[in-house]
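Inspection log for the structure reproduced underneath, given as structure tokens.
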Amino acid sequence: MKSIVSLFLALSLLVGALQARERVNVSFSDLNVADFIELVAKITGKNILVSYNINGKINLISSAPIYDDEVMDILISVLQTKGYTLADHGSFYSVVRANEAAKHATKVVTNPKRLDGNLMVTYTMPIRYENVDVIAAKIRYLISKTAKLMTLKENNTLVITDYPKNIKTVKKVIRELDQPRKLAVEVVHIKNTEAKKLQSKLDAINKTIFNPKVMQESVKVLVDESLNSIILVGKAKNVAKIKAVLAQLDQEANASNSVRIFPLKNSDAKAVAKSLNDIISKQKFKDPTLKPNVSESDEINAIIAVGDPIILNGIKKIIDELDKEKYQVYVQANIIEINKNNAYNLGVKYGFNGAAVGSNGGLYTLSTNFGGATPVGLGTILSKMDAKNLAAAFSLNAAIDFLKTNGAAKSVSNPSILCVNNKESSIYVGKTISVLSGSVANNSGGVGTGITNSYKREDVGLTLKIKPRVSSNDKVTLDVEATLENVVDDGSNNATGQPVTSKQNVKTEAILRHGESIIIGGLVKTYNRNTQTKIPLLGDIPFIGEWLFSSNEQSIENDNLVVILTPYVIDKSEQLSKLQHELGELSKMQEEYEKEVFARIEKEKSLEAAKRKALEEKNEESK
């Protein structure tokens, strides 16, 4: 305490002796804040009212003298760390809370040259070019923690209560921010479309090429519908960029390009138009006027589209995909009837498992007996087929021809049909019969009564429907439906005198490779068969020959109607003629293949018969 008093007396004597601003040496440690306030009041000659109990100690380490009037600045710095400051009341200062300083009649400064001193003041700054709230948000971090900042929107003015040094810093920063904006205004007349349609595009372009967060950089886009014009406001160089883009958009939106006609080469215009309208109906347009209008022209098989050029470019891409050349599938059908009994007998005769050759598995089982190496010299014929499928095709065809040659099968029809991908095609093989549909009695002038019959024509036969779905250039899915109708009774065996028909239906789906065959079976026709056996000459004697020298046998026959389908995938129309040529070459090779195979089977049959005969003779000799 003695050291404090000594320091105080020394400073008092020094101040009293000074007549001008001079430097003094000040240094102390562990000095109470209250004692420091008292010391400053003595040095400056100012009365200081202290209404708060301010605790704490302070240290001032001085390595050089300071001016005597700077002691008040030191006191204000100390008070600020404690959350207090000084308020000037004229004849005295009072210690107040710093965050309440504005309420204690702080000095209002209007002239920036008077921003001096060490006490908080209130200063008003008019903002000339920018928004006062934007400026306040940018400089808020520069003011002290206990300062007050307020904006007056009515006159775009900033009011700040802070220490003069902080206010000077804020003022310098505001001077840099509050610069006049040199804006250019351009009115662009739109010639080829509606100005309103271009506004949204320009806004999007504006946000892309200029930073939307920098107000000085963005260009304002306005529309004058009465003049059909676009008004651009912003920096001259930025306005020039948007104006150049606008000129290109106005040229692209030329009225002659807003109507497009797309001729179709491979697709039906009605189907494509339906697909496009389905797509358009599910889209949402911010501006309803941008929705395109799409219709078809059957005369020229074309799509007519009216709308914004950019949207029409998207429609063109869709049309290009929809109008690609369609896959085609060339289907060869081989419809045969296989007699179950004859096939069985033929199988026994040649040592084949012929009991079930009328079914799908039976034909494949039979075809294994005709297997062998694939004929040489194929070259590039049916290059999409592998050797395994090609060998199977030769064997299957040989089995069918073997049945035909030996009277166990007969060919009903061998049609071929060219199908478009995902479109149903059909084949019909049969006949048309007359069926009584009604009778009408009539009087002929009272003389007699007559009956008039009416008939309808009915198709009876095999109907084959095929719908291909191509998954790649060598694989196809076939949706197949086969319907068989037969005449069971022509009307002679029933009281109505009307024909009786039967109907069988098979539906299936198969995934096949190029040139691979599918067999559709299960269509069975059953009928009674009368067979007469007689001794030549004697059997022809009337009455006696019929009873003594001949016999009649009645049996039930089953004919299996088998449909064999072989698809060939065509990805380009010009490949059809090439395929026809290749199939012709394969047909010739099939004939050569069958000659070789049939000769081998006959030889095997003869060898087997010779073995059996030799075995029988050996058995006879042993007896």
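Descriptive notes on the structure:
- Pairing residues of region 150-168 that are farther than 18 Å from Asn111 by Cβ with residues that are among the hydroxyl-bearing types (Ser, Thr, Tyr) and open to solvent by 50 Å² or more (accessible area, probe 1.4 Å), at Cβ distances under 9 Å and at least 6 apart in sequence or on separate chains, gives Leu152/Thr124.
- Gly90 being at positive phi and either out of contact with any helix residue (DSSP H, G or I) (no Cβ under 8 Å at 6 or more places or on another chain) or surrounded by 14 or more Cβ atoms within 10 Å (Cβ to Cβ) (or both): yes
- Residue count for region 74-87 satisfying the condition of being surrounded by fewer than 19 Cβ atoms within 10 Å (Cβ to Cβ) and closer than 17 Å to Ile143 by Cα: 4.
- Qualifying residues in region 545-580 (those that are open to solvent by less than 30 Å² (accessible area, probe 1.4 Å) and part of a helix (DSSP H, G or I)) - the one modelled with the highest pLDDT: Leu579
- Residues of region 90-106 satisfying the condition of being of a type in the set (A, V, I, L, M) and assigned to a loop (DSSP other than H, G, I, E, B): Ala105
- Within region 403-418, residues that are under 14 Å from Val562 (Cα atoms) sit with their Cβ atoms under 8 Å from residues that are small (Gly, Ala, Ser) and open to solvent by 30 Å² or more (accessible area, probe 1.4 Å), at 6+ positions apart or across chains, in these pairs: Lys404/Ser411.
- Answer residue from region 429-463, given it is of a type in the set (A, V, I, L, M, F, W, C) and farther than 18 Å from Thr501 by Cβ and is modelled with the lowest pLDDT among those: Val447
- Looking at region 117-191, the strands (runs of 3 or more DSSP E) lying wholly inside it that each contain 1 or more residues that are within 53 Å of the chain's Cα centre (by Cα) and surrounded by fewer than 16 Cβ atoms within 10 Å (Cβ to Cβ) sit at 184-189.
- Qualifying residue in region 22-39 (condition: at pLDDT 80 or above and of a type in the set (Lys, Arg)): no
- Answer residue from region 473-482, given it is modelled with pLDDT of 85 or more and not hydrophobic (A, V, I, L, M, F, W, C) and is nearest to Thr432 (Cα to Cα) among those: Glu481
- Take the conditions (1) in contact with a Leu (Cβ under 9 Å, 6 or more places away or on another chain); (2) at negative phi; (3) open to solvent by less than 70 Å² (accessible area, probe 1.4 Å); (4) at pLDDT 75 or above; Ala391 misses just one of them, which is (1).
- Residue ID - farthest from Phe402 (Cα to Cα), chosen from residues in region 585-600 that are without any contact (Cβ under 8 Å) to a residue 60 or more places away in the chain and open to solvent by 90 Å² or more (accessible area, probe 1.4 Å): Lys588
- For region 45-54, the criterion of being at pLDDT below 80 and open to solvent by less than 80 Å² (accessible area, probe 1.4 Å) is met by at least one residue.
- Identity of the residue in region 302-348, of a type in the set (A, V, I, L, M) and in contact with a Cys (Cβ under 8 Å, 6 or more places away or on another chain), that ends up farthest from Lys265 (Cα to Cα): Val331
- Subset of region 193-202 (residues that are out of contact with any strand residue (DSSP E or B) (no Cβ under 6 Å at 6 or more places or on another chain) and more than 10 Å from Asn228 (Cα to Cα)): Lys197, Leu198, Ser200, Lys201
- Within region 333-349, not a single residue is farther than 30 Å from Lys578 by Cβ, among the charged types (D, E, K, R) and within 20 Å of the chain's Cα centre (by Cα).
- Some residue of region 217-228 being within 18 Å of Pro288 (Cα to Cα) and either open to solvent by 50 Å² or more (accessible area, probe 1.4 Å) or hydroxyl-bearing (Ser, Thr, Tyr) (or both): yes
- Considering each residue of region 250-265 in turn, at least one proves to be open to solvent by 60 Å² or more (accessible area, probe 1.4 Å) and either in contact with a His (Cβ under 7 Å, 6 or more places away or on another chain) or small (Gly, Ala, Ser) (or both).
- Residue count for region 601-621, restricted to those that are of a type in the set (D, E, K, R) and surrounded by 13 or more Cβ atoms within 10 Å (Cβ to Cβ): 2.
- In the condition set (1) in contact (Cβ under 8 Å) with a residue 24 or more places away in the chain; (2) out of contact with any strand residue (DSSP E or B) (no Cβ under 6 Å at 6 or more places or on another chain); (3) not in a loop (DSSP other than H, G, I, E, B), Val221 is compliant with all but (1).
- Every residue from region 135-170 that is within 17 Å of Asp73 (Cβ to Cβ) and of a type in the set (Phe, Trp, Tyr): Tyr163
- If you go through region 484-514 and pick out every residue that is modelled with pLDDT of 85 or more and either open to solvent by less than 50 Å² (accessible area, probe 1.4 Å) or among the acidic types (Asp, Glu) (or both), you end up with 4.
- When region 567-582 is filtered for residues that are out of contact with any helix residue (DSSP H, G or I) (no Cβ under 7 Å at 6 or more places or on another chain) and either without any contact (Cβ under 8 Å) to a residue 60 or more places away in the chain or β-branched (Val, Ile, Thr) (or both), the ones remaining, listed by number, are Val569, Glu574, Gln575, Ser577, Lys578, Gln580, His581.
- Yes/no for Lys410 being at pLDDT 75 or above and surrounded by fewer than 17 Cβ atoms within 10 Å (Cβ to Cβ): yes
- Scanning region 313-332 for residues that are over 19 Å from the mean Cα position of the chain (by Cα) and among the aliphatic types (A, V, I, L, M) returns Val329, Val331.
The values are calculated or read from the model by the stated rules, or taken from the named source; none is laboratory data. Keep in mind that this is a model prediction, so the values were computed, not measured. No Cβ is skipped: glycine too gets one built from the backbone with ideal geometry, and neighbour counts run over all protein chains shown. Ligands, DNA and RNA are stripped out before the accessible areas are found, and what is left, the full protein with its side chains, is counted by its heavy atoms. Shrake-Rupley method; radii C 1.70, N 1.55, O 1.52, S 1.80 Å.
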